[in-house]
Amino acid sequence: MATPPTVADATRSTPVVDRSDVLVVGGGPAGVSAAVAAARSGARVTLVERYPYLGGLASGGMVLVLDDMVNGAEITTTGLVGEAIERLEKLGLAVSPPHEDRRVGWDVWRKWARWGCNDFRARGKPQPIVYAVAFDPDGWKRVSDDLVVESGVTVRLHSWFSEPIVEDGRLRGVVVESKSGRQALLTEIVVDATGDLDVAARAGAPHVVGAYMVTTVFRLGNVDTEAALRFEYDHPAEFGVLDRQAKRLLGGAWDSWWLKTPLPGIVWCNCPHMTGYDALRVEDMTAAELEGRRRIASVIAFARAELPGFAHCYLVDVAPQLGVRQTRLLAGEYVVTKEDVLERRHFRDTVCRGRDYYTPYRALLPRNVDQLIVAGRHYSADPQAQKISREIPPCMVQGQAAGIAAALALRSGARVRDVDPAAIQRAMRAQGADPGDIPSANAAPARP
Ligand SMILES: Cc1cc2nc3c(=O)[nH]c(=O)nc-3n(C[C@H](O)[C@H](O)[C@H](O)COP(=O)(O)OP(=O)(O)OC[C@H]3O[C@@H](n4cnc5c(N)ncnc54)[C@H](O)[C@@H]3O)c2cc1C
């Protein structure tokens, strides 16, 4: 690609609008967790988000199942993610299989597969039904709001991070663009939770650029889900033909292209998946939005005409946020590999865990920028490892560890990279989160 022509920016002075101990950039699952954990540990925290709501892909991206939370029967992702689930349940906006339904069997498969509560990594059908939680995106926004406000976090929405303020290799704050113009926010420690490594990359942290399919998620309303399920199970051959046609129109979907949600008659469609788009290029993201909406319109017309249960369906919404799974990934103090995830490798400095895998503190630390921690889907993992270790719950546990690490650094006056992982582990436990310090029986030991 040819380098475009440039214009010189005049040197500007930017008003300082905020000072904090910990500045979290990005209000998705990881960022909200980091902000809340740091604030609950006594730090003065500011959370910056480009969009008018918190929640990231879990709200604006309408990613509506929390999964990758269990190792066998054990629930491994705990702490703030568990608290968010409890709050959603109190609002009646979360659904998960009861204990007795978490097993293998066609009866429970029929009951729970269309909620997305099957172990999608297991081979063969029926896959085991596991603990996973279907939830509502506006419920997620509300719970995120409540968590940060109750913790005393200063929230600044409508603020796009644009530049880091770096002095002598140390991050001092960031500049955001907003309706109010450019604004500077100064701080002691930054947590980059943008998902695309915006802050760390701009600050010069080594990273790689991965790629994965993107998705324009949507929801349909007025679906008779019981009629649709009766047809699926009573007429499997005809169902198979129609389902394949729908998937052809979508041009990319998982096995179940629609799933139930806590709102009756409203289904979540985690599709169409589209490849070949670079989610760091405006031109590609624009093209993906247009192509996704075109495919959605064509599958809706087909569903209304052909699919039992969908005759009177309508489009509720297309996610306001493009479904981006992977872009920049930190090349940090340790780079988690696919083997580490698959072998469930344990690390002495494990500070958080996902399904059955462990994340070392070093994978949250850039190599050459001080007072910066990253948390979330852009953490230091190779692209193949990230694909299988980036679900919402583990990102939240990572955020919690990052927020705690920042608060511990402040308290002791240490650089964030010098915080003792054992202290993070203890503080995680004190906040009700499992830091993964005690390996499960099926974990591979740390390399010497
Ligand atoms: C289509 C799709 C389906 C998925 N399915 C599932 C699933 O079923 N279950 C599951 O658990 N996970 C699923 N995932 C993965 C999961 O959604 C993400 O990995 C997870 O949300 C990552 O959380 P995060 O906080 O790291 O990043 P994000 O959720 O991306 O949040 C990043 C936040 O930072 C903000 N931000 C970004 N740049 C800036 C900036 N420059 N300035 C200010 N703010 C900024 C964003 O607006 C956003 O709020 C799916 C992902 C996609 C895309």
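Can you give me the long-range amide H partners of Arg345? Hydrogens built in the peptide plane at 1.01 Å from N, cutoff under 5 Å, separation of 5 or more residues or another chain.
Tyr358, Ala444
Report the Rg/Rh value for the stretch 1-141, based on alpha-carbon coordinates and the Kirkwood definition of Rh.
1.15
Of Tyr361, Tyr233, Tyr334, Tyr277, how do they rank once you tally other Cβ atoms within 10 Å and put the fewest first?
Details: Tyr361 27, Tyr233 10, Tyr334 19, Tyr277 22.
In order of increasing Cβ crowding within 10 Å: Tyr233, Tyr334, Tyr277, Tyr361.
Near Lys141, which aspartates and glutamates are there with a Cα under 17 Å away, not counting those fewer than 8 places off in the same chain?
Hits, sequence-local ones excluded: Glu49, Glu83, Glu86, Glu89, Glu150, Asp317.
Over all distinct Cα pairs, what is the inverse of the mean 1/r for the stretch 184-286, reported as the Kirkwood hydrodynamic radius in Å? Walk me through the numbers before you get to the answer.
Values: mean 1/r = 0.0581 Å⁻¹.
It works out to 17.2 Å.
First measure r as the distance between the Cβ atoms of Lys111 and Ile388, then evaluate 1/(1 + (r/R0)^6) with R0 = 30 Å and state the FRET efficiency to the nearest 0.05.
Working: r = 27 Å, r/R0 = 0.89.
Rounded to the nearest 0.05, the efficiency is 0.65.
Give the distance, in whole Å, between the Cα centre of the stretch 203-247 and the Cα centre of the stretch 133-167.
Answer, in whole Å: 28.
Relative to 2.2 N^0.38 Å, what does the C-alpha radius of gyration of the stretch 216-372 come to as a ratio? Two decimals please. Provide the component values of the computation, followed by the final result.
Details: Rg = 20.5 Å, N = 157, 2.2 N^0.38 = 15.0 Å.
Rounded to two decimals, the normalised Rg is 1.36.
Please list the non-local residues whose amide H lies under 5 Å from the amide H of Val316, H modeled 1.01 Å from N, same-chain partners needing a gap of 5 or more.
Arg219, Leu220, Gly221
If the cut-off is 29 Å between C-alpha atoms, which lysines fall inside it for Lys125, apart from same-chain ones fewer than 8 positions away?
Of all the lysines, those that pass the test against Lys125 - Cα under 29 Å, at least 8 places apart if same chain - are Lys111, Lys247, Lys260, Lys338, Lys387.
Can you compute the equivalent ellipsoid semi-axes for the stretch 177-236, i.e. the square root of 5 times each eigenvalue of the Cα gyration tensor, sorted largest first and rounded to whole Å? Before the final figure, lay out the partial values.
Values: eigenvalues 421, 70, 22 Å².
Taking √(5λ) for each Cα gyration eigenvalue gives 46, 19, 11 Å.
Between the stretch 385-405 and the stretch 324-346, what is the separation of their alpha carbon centroids in Å?
11 Å
Mind listing the long-range amide H neighbours of Val166? Cut-off is under 5 Å, sequence gap 5 or more, other chains count too, H placed in the peptide plane at 1.01 Å from N.
The answer is Arg172.
Sort out for me the Cα centre separation of the stretch 1-63 from the stretch 67-90, rounded to whole Å.
25 Å
Among Ile296, Ile266, what is the fewest-to-most ranking by other Cβ atoms within 10 Å? List each step's numbers first, then the result.
Working: Ile296 21, Ile266 18.
If I rank by nearby Cβ atoms, fewest first, I get Ile266, Ile296.
Apply the Karplus parameterisation 6.51 cos²θ - 1.76 cosθ + 1.60, with θ equal to phi minus 60°, to every residue of the stretch 127-135 and state each ³J(HN,Hα) to the nearest whole Hz, in sequence, with x for glycine and proline.
6, x, 8, 10, 6, 8, 10, 8, 9
As an exercise, use a Förster radius of 30 Å and the Cβ-Cβ distance of Lys125 and Lys338 to find the FRET efficiency, rounded to the nearest 0.05. If you can, show how the numbers build up before the last one.
On the way: r = 25 Å, r/R0 = 0.84.
Efficiency, from the Cβ-Cβ distance: 0.75.
Just in the stretch 163-219: which trypsin sites (Lys or Arg not before Pro) are loop by DSSP and have at most 15 other Cβ atoms within 10 Å?
Values: sites: Arg170, Arg172, Lys179, Arg182, Arg202, Arg219; in loops: Lys179.
Sparse-neighbourhood loop trypsin sites (Lys or Arg not before Pro): Lys179.
Can you compute the helix-only [θ] at 222 nm over the chain? Use -39500 (n - 2.57) per DSSP H run of at least 4 residues, normalise by all residues, nearest 500 deg cm²/dmol. Don't skip to the answer; put the middle values down first.
Working: 12 runs with 140 residues, N = 448.
Roughly -9500 deg cm²/dmol at 222 nm, from the helical runs in the chain.
As an exercise, identify the trypsin sites (Lys or Arg not before Pro) in the stretch 383-448 lying in DSSP coil whose Cβ has no more than 16 other Cβ atoms within 10 Å. Please list the in-between numbers first.
Details: sites: Lys387, Arg390, Arg411, Arg415, Arg417, Arg426, Arg429; in loops: Arg390, Arg415.
Filter output for the stretch 383-448: Arg415.
Loop only by DSSP, 15 or fewer other Cβ within 10 Å of the Cβ. Give me the GluC sites (Glu not before Pro) in the stretch 317-426 that pass, ordered by residue number.
Working: sites: Glu333, Glu339, Glu343, Glu391; in loops: Glu333, Glu343, Glu391.
Taking the stretch 317-426 and a limit of 15 other Cβ atoms within 10 Å, the loop GluC sites (Glu not before Pro) found are Glu343.
In nm², what is the average projected area of the convex hull enclosing the Cα atoms of the chain? Mind showing how you got there, number by number?
Working: hull surface 88.1 nm².
The orientation-averaged projected area of the Cα hull of the chain comes to 22.0 nm².
What would the Debye formula give as log10 I(q)/I(0) at q = 0.24, 0.28, 0.34 Å⁻¹ for the alpha-carbon point model of the stretch 337-376, no solvent?
Per q value, in the given order, log10 I(q)/I(0) is -0.81, -0.97, -1.17.
How long is the gain from Leu280 to Ala2 if the chain were fully straight, where each residue apart is worth 0.36 nm and the alpha carbon distance is subtracted? Write out the running numbers ahead of the final one.
Working: separation 278, 0.36 × 278 = 100.08 nm, distance 1.65 nm.
Here the segment from Leu280 to Ala2 would lengthen by 98.4 nm.
In whole Å, what are the Cα extents of the stretch 216-275 along the three principal axes, biggest one first?
34, 29, 14
Values quoted throughout were computed directly from the atomic coordinates according to the rules given, and no laboratory measurement underlies them. Note that the structure is predicted; figures quoted are calculated from it, not measured. A quick note on method: Cβ atoms are made from the backbone with ideal geometry, for glycine too, and the neighbour counts reach across all protein chains shown.
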